[in-house]
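Written below as C-alpha cells is the structure these notes are about.
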Amino acid sequence: MTPRWGPGSGHGWDQGAGTLVDLTRHTGSRGDELVSLIKMLIAAAEPLAGRFNGAGKAAFDRFKEHSDQITADLKGHLNRVNTAQAGLENAFGGGDHEMADGAARKMAGAIFDGSKFRSA
C-alpha cells in the first residue's frame, strides 16, 4: 500500500484540509498501544532476568525498576506531540479561513470591467 503522504508516496506531503485531523486522531489512539507494547516487552524479557551477570544484570534491573516511569514519560511525550498536532490544525485551519475571507473581501471591492477582452 502506498502511503497518502510523505516519503514513498510520490506526492510529497499531503497538505489537504483533513491531513492534520487524521494525524491527530491516529496519534491520539497510539498512547495506550505504546503502553501495552512496553508492558509486553517487559513481560517478554522477564524470563531472561536470571541469565544476566555483572553490568548486563545491573542495566536490566535498572530498566525494570524504572519501567513504569519510562512508560509514563513516553506516553506523556506522545500526548504532547498529539496536543501540538491539534494546535497546528487550529492554526492552519484559522489561516486558511482568514486567507479565504481576505480574498473574498478583495474580490468584492475589485472592479473587473477593465479586464474584459473585446475584439475590434
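The values are calculated or read from the model by the stated rules, or taken from the named source; none is laboratory data. Just so it is clear, the structure is predicted and the values come from calculations on it, not from any experiment. When the accessible area is computed, the model is the full protein with side chains, heavy atoms only, and any ligands, DNA or RNA have been set aside. Shrake-Rupley method; radii C 1.70, N 1.55, O 1.52, S 1.80 Å.
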Out of the total accessible area of segment 36-120 (probe 1.4 Å, heavy atoms of protein only), what percent is carbon and sulfur? 62
Where a Cα-Cα gap under 13 Å defines reach, which aspartates and glutamates qualify for residue 75, not counting those fewer than 8 residues away within the same chain? 32, 33
Straight-line reach from residue 64: which aspartates and glutamates fall under 17 Å, measuring Cα to Cα and dropping same-chain residues less than 8 apart? 46, 73
By how many nm would the segment from residue 33 to residue 92 grow when fully extended, if each residue of separation counts as 0.36 nm and the alpha-carbon distance is taken off? 18.4 nm
Given the Cα-Cα distance of residue 45 and residue 19 and 0.36 nm per residue of separation, how much length would full extension add, in nm? 5.6 nm
Stokes-Einstein D for segment 19-71 at 4 °C, 1.567 mPa s, Kirkwood Rh over Cα pairs, in µm²/s? 100
Linear extension gain, residue 80 paired with residue 105, 0.36 nm per residue minus alpha-carbon span: 5.3 nm
